[in-house]
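These notes are about the structure you will find just below.
The values are calculated or read from the model by the stated rules, or taken from the named source; none is laboratory data. Being a predicted model, the structure only gives us computed values, none of them experimental. Cβ: placed from backbone, ideal geometry, glycine included. Neighbour counts: every protein chain shown. The area values use the complete protein model at the heavy-atom level, side chains included, leaving out ligands, DNA and RNA. Shrake-Rupley method; radii C 1.70, N 1.55, O 1.52, S 1.80 Å.
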Amino acid sequence: MGLIVQKYGGSSVADAEGMKRVANRIVSAKRDGNQVVVVVSAMGDTTDELIELAKQITPIPSGRELDMLLTAGERISMALLAMAITNLGHEARSFTGSQAGVITTSAHGRARIIDVTPGRIQEALKEGAIAIVAGFQGISQDTKDVTTLGRGGSDTTAVALAAALDADVCEIYTDVDGVFSADPRVVPNARKLKTVTYDEMLELAASGAKVLHLRCVEYARRYDLPIHVRSSFTTNEGTWVVKDHPVGHSLGKGTEMEQAIISGIAHDKSEAKITIVGVPDRTGVAARIFQAIADADINIDMIVQNVSAAATGLTDISFTLPKAEGPDATSILQKLQGEVGFASIQYDDQIGKLSLVGAGMRSHPGVTATFFGALSNAGVNIEMISTSEIRISIICRESDIERGVRAAHTAFELDTDQNEAVIYAGTGL
Ligand code: ADP
Ligand code: ASP
Ligand code: MG
């Protein structure tokens, strides 16, 4: 008998019919002789609707109260799902994140899991019940307030619980058949990946492929826990997120025994770019600027600094950051202007990021040339570049992103004619 943790996303439980369909799946895993723990998200677009509602009350709701409000979405789901399972003649008990022992930091809206003490879940399992846990939420160790883990955080609840319970597998059920070579909503002929490594999935998730929450992949890698991403609408085998690709793994045409060069292409439209113009080219200036940004707890992504060749003694610094942090960062920089002595600040929220990810990149020169060639043929202008060992990312105009993703997908021979990229539900938002 195995222990399975299953997570169902919002589009899988969007209405009563969805709840009943998912309940049947859960019961069949139980009938197969497994112990089953289920993590569930809020129904459909409930979380967005609750945020919108809060904004109608006040433009800047307090983090504590917003978290209290948003966690209600997952509570509705867990109770309805438990009822649907009970209706099928099996015992189910629902638990909030706090009851399930998900202990977090106190940072509202982006709390991190510190510990999981799933005593009540283990008790329920021992007594033969199916445990249903509300995703995306926990309780702060310090303040004892209810917290949320950030948008998409139910994936992380599932993997953290699976690790704490020493589960055999964590199944993430969503509205597509697995992890694809690109977002199927942008590339209709994307191919489903049989396997993707933790390292590749980390880069994809960090680059905007929201099919898995970034921190759930970090967790899975730390505990070497396999994740199976699949559709809740079919019984198709999905994608396995694992430590290494199996021997003989291949993707591109004519590379049967060779590792695929590129596993996936991700894109992200949630970032903005700030350029600080005319910064004095002196030691310590960049440190001063980025210390001020760090002190405000603002996460920055790419940075480019280019010293002017015409000996002006000045340089421009550009960096990208989440759009949501743009206003804060801009006002912090404005306060520094007198001290640092730069000319001006430019804010641009019409950018997009496009990233190529693949472990095979390490051993293949020429990936950058092929990538840039494809972008150039598609008329996409590159504004910034950053790389890691297994990723190349560029910034371009937001309006060019989808064209760029499709061009790169074709250039790396990832297109398939198998019609795999079916979207079963959801809005992709
Ligand atoms: P859930 O509500 O189940 O958590 P999400 O909307 O968070 O689902 O994630 C699933 C969506 O992720 C898909 O519908 C798809 O549009 C998007 N997505 C982005 N990149 C990828 C990718 N490489 N493979 C699969 N899906 C992707
Ligand atoms: N309901 C939350 C959200 O929409 C968490 C999740 O679905 O994972 O972000
Ligand atoms: Mg999600």
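Which percent, to the nearest 5, of DSSP beta bridges fully inside the chain are antiparallel?
60 percent
Would you please put 201-213, 223-235 in order of how densely packed they are, using the mean number of other Cβ atoms within 10 angstrom per residue and starting with the highest?
201-213, 223-235
Starting from the Cα gyration tensor of the stretch 1-69, multiply each eigenvalue by 5, take the square root, and state the resulting semi-axes largest first in whole Å.
33, 14, 6
Rounded, prolate or oblate: pick one for the stretch 78-135, where a ≥ b ≥ c are the square roots of the eigenvalues of its C-alpha gyration tensor, a/c under 1.5 means rounded, and failing that, prolate if a/b is larger than b/c, else oblate.
Oblate, because a/c is 1.5 or more while a/b does not exceed b/c.
Ignoring ligands, DNA and RNA, what accessible area per residue does the chain give at 1.4 Å, in Å²?
Value returned for the chain: 44 Å² of accessible area per residue.
Normalised by the number of residues in the chain, what is the relative contact order in percent for Cα pairs under 8 Å and 6+ residues apart?
Reported as a whole number, the value is 15 percent.
So what is the diffusion coefficient of the stretch 323-422 in µm² per second by Stokes-Einstein at 4 °C and 1.567 mPa s, using a Kirkwood Rh over Cα pairs?
My calculation gives 81 µm²/s for D.
Give, to the nearest whole percent, the P(r) tail of the chain beyond 43 angstrom, counting all Cα pairs.
Roughly 16 percent, once rounded to a whole number.
Kindly provide log₁₀ I(q)/I(0) values, in the same order as q = 0.13, 0.20 Å⁻¹, from the Debye equation applied to equal alpha-carbon scatterers of the stretch 1-131.
The calculated log intensity ratios at q = 0.13, 0.20 Å⁻¹ are -0.59, -1.17.
If you average the sequence gap of Cα pairs under 8 Å that are 6 or more apart and divide by the length of the stretch 281-345, what percent do you get for the contact order?
The value is 30 percent.
How big is the stretch 255-368 by the Kirkwood estimate over distinct Cα pairs, in Å?
16.2 Å
Go ahead and estimate [θ] at 222 nm for the chain from helices alone: -39,500 (n - 2.57) per DSSP H run with n ≥ 4, summed, over the residue count, rounded to 500.
Here the helix-only value at 222 nm equals -10000 deg cm²/dmol.
Using the crude model of +1 on Lys and Arg Cβ and -1 on Asp and Glu Cβ, and no other charge, please compute the dipole size for the chain relative to its Cα centre, in debye to 20.
The dipole magnitude comes to about 400 debye.
Report P(r) for the stretch 118-200: all Cα-Cα distances, bin width 10 Å, range 0 to the bin holding the largest distance, values in whole percent.
In order of increasing distance, the bins hold 14, 35, 31, 16, 4 percent.
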